[in-house]
1. Within segment 61-75, count every residue that is open to solvent by 20 Å² or more (accessible area, probe 1.4 Å) and touching a Leu at 6+ places or on another chain (Cβ under 6 Å).
2. From the list V294, V230, V307, pick out the single residue that is assigned to a loop (DSSP other than H, G, I, E, B), modelled with pLDDT of 70 or more, more than 17 Å from the chain's Cα centre (by Cα) and crowded, with 19+ Cβ neighbours inside 10 Å.
3. Quickly run through segment 127-172 and pick out the residues that are among the hydrophobic types (A, V, I, L, M, F, W, C), out of contact with any helix residue (DSSP H, G or I) (no Cβ under 8 Å at 6 or more places or on another chain) and open to solvent by less than 40 Å² (accessible area, probe 1.4 Å).
4. Can you tell me which residue is most open to solvent (accessible area, probe 1.4 Å) among those in segment 233-256 that are among the hydroxyl-bearing types (S, T, Y) and either modelled with pLDDT under 75 or farther than 13 Å from T145 by Cβ (or both)?
5. I'd like to check something: does segment 330-338 contain any residue that is at pLDDT below 80 and in a strand (DSSP E or B)?
6. Would you mention how many residues in segment 339-360 are at pLDDT 85 or above, within 17 Å of R370 (Cα to Cα) and buried (at least 19 other Cβ atoms within 10 Å of the Cβ)?
7. Taking segment 23-49 on its own, how many of its residues are open to solvent by 20 Å² or more (accessible area, probe 1.4 Å) and either closer than 24 Å to V183 by Cα or in contact (Cβ under 8 Å) with a residue 24 or more places away in the chain (or both)?
Amino acid sequence: MTILRDLNLPSIWVDPSYLATTAGFVMKGHNLRLCGVLDCGEFKGYITLEATESAAPNQTVESLARPVSAIVSGSALVREVADRFVNENLEMVAVVEDGKFHGFVTPSVLIRELGKSYDPMTGLPWSDELRRWGADHLANTEEITIVFIDLNDFGVYNKTHGHIIGDQVLGAVSRFLKSKVDVKTDVLVRYGGDEFAIGTTRSREETEALAQELQTGMPEVEIGEGIEPVAFSVGLCGGRRQKERLSVHYAATIDNLINKASQACQAQKSAAKGIGAPSPEAAPRPLSYRVVAVFADPQDHGGVSTVILNRGDGVFSGASTEPGLTGVVQAAARAIEMAQPGIALEISRVALEGQTLTVGGKVSESLEPRDLNVLEELSGDTNVAAVTALTKALNG
């Protein structure tokens, strides 16, 4: 069960001697409706943003501070606190543990937390929480990285020792992973079966260090006497964006990051087993693209160009606010990135001289960039022909 200490509550506070206007600036800066009031580190109550906005020019926080109805420990269960809200008709409670202020719990915090779907075995949220968390951070223009974790030979535990031991393995792994994440920067979920995932706002370098720490520390996890040590593979994706995202499809972006992190994880697992990449003769032919529709912005500004592509069994779309043919090519690039999670396109030049299309840029696959050069005579619908030329140049 989740406890209050596991929640990432904002522990912002002000001193009683502050001017109310100063407290208002602090709350607005952190997008808060209320914050704690601490005097020499001792919790005294709270002040609301509404109170600061109606305060006199020289009025201090001390004159506006209010006492809280209830103070709870960080070890209190979320569901127990929710019951207190109902039974005692509470509007909010302060979380104070060992004299330290940890933030406030409000009905909106409880609704959000209780609305999560949890795995009863490990106590971890399922993957829908990772997607919600990721969308929130992307919408806030933050860069995120996904760490995908897959246990090695988990079937051995179930077949050799039975499902009870298998469940103990999952529980031990989840406790180990919990000990390594920080709720201020990370979210940990059980992805399914013997798979876990971490979303993090740490830098790429910090995330790689975390992954290394996970793998080196895992052998220390003990399951039981005579039980094989636990090991797993790890894959990363994210944390290296060098340009602003033009797409606002946050859910699709998260799924792409998860998919690429999972692929990197499986590649590590295959390498550990000595399974190499397939020979060129055995490699499947790449799936081709079909242009479903192109909606080009006819205006010089303010509109959106959209390209919809079909590849295999999937349909993928991309959008761009750039005007003219440049917007069409940019939108096609975004659609291709959706269809091929391992690819990133940077379009730097689009030109049309007569019926000759020129496109320049970079293609990044597996972090190894290469030049993108398209030079093609277009026929028929210019926009559709330009999108087709781009997909052909990528050997899609």
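The values are calculated or read from the model by the stated rules, or taken from the named source; none is laboratory data. Keep in mind that what you see is a predicted model, and the values were worked out from it rather than measured. Virtual Cβ from ideal backbone geometry, glycine too; neighbours counted across all protein chains shown. Calculation scope for accessible area: heavy atoms of the full protein, side chains included, ligands and nucleic acids excluded. Shrake-Rupley method; radii C 1.70, N 1.55, O 1.52, S 1.80 Å.
1. Qualifying residue count for the region: 1.
2. On the way: V294 fails: assigned to a loop (DSSP other than H, G, I, E, B); V307 fails: assigned to a loop (DSSP other than H, G, I, E, B).
Every option except V230 fails the conditions.
3. Quick first cut of segment 127-172, residues among the hydrophobic types (A, V, I, L, M, F, W, C) only: 130, 133, 135, 138-139, 144, 146-149, 151, 154, 156, 164-165, 169-170, 172.
From what is left, the residues that are out of contact with any helix residue (DSSP H, G or I) (no Cβ under 8 Å at 6 or more places or on another chain) are 133, 156, 164, 170, 172.
If the condition is that a residue be among the hydrophobic types (A, V, I, L, M, F, W, C), out of contact with any helix residue (DSSP H, G or I) (no Cβ under 8 Å at 6 or more places or on another chain) and open to solvent by less than 40 Å² (accessible area, probe 1.4 Å), then W133, L170, A172 are the ones that fit.
4. So the residue we want is Y250.
5. Checked segment 330-338: no residue is at pLDDT below 80 and in a strand (DSSP E or B).
6. Count: 2.
7. 14
Residue-wise test of (1) of a type in the set (S, T, N, Q); (2) at pLDDT 90 or above; (3) closer than 25 Å to L188 by Cβ; (4) more than 29 Å from the chain's Cα centre (by Cα).
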position	(1), (2), (3), (4)
T22	yes, yes, no, yes
L32	no, yes, no, no
N58	yes, yes, no, yes
L77	no, no, yes, no
E88	no, yes, no, yes
F104	no, yes, yes, no
E113	no, no, yes, no
